[in-house]
Amino acid sequence: MGGDTSTPIVWLRKALHSLLLFIYYLVPFYVGGHLVMGLVVALMYDVLVWAHGGV
């Protein structure tokens, strides 16, 4: 009985650890993606304003 009760806890800890690692590696990509999108939008806006100003 002891072995049966300990294995789910070990599995749960492993799953939680892998999930934390996944989030840890995903967050920089997520933040970086948002920064890149913000830069692209800002550049497009600048180009549009410059184009309208030029015309």
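The values are calculated or read from the model by the stated rules, or taken from the named source; none is laboratory data. Computed from a predicted model, the values in this text were never measured in an experiment. Keep in mind that these areas ignore ligands, DNA and RNA; they rest on the heavy atoms of the full protein, side chains included. Shrake-Rupley method; radii C 1.70, N 1.55, O 1.52, S 1.80 Å.
Per-structure values
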| quantity | calculated |
| --- | --- |
| Between 0 and 90°, nearest 10: helix 2-54 axis offset from the chain longest Cα axis | 0 degrees |
| The chain - accessible surface per residue (Å², probe 1.4 Å) | 99 Å² |
| Solvent-accessible area, 1.4 Å probe, carbon plus sulfur percent, for the chain | 80 percent |
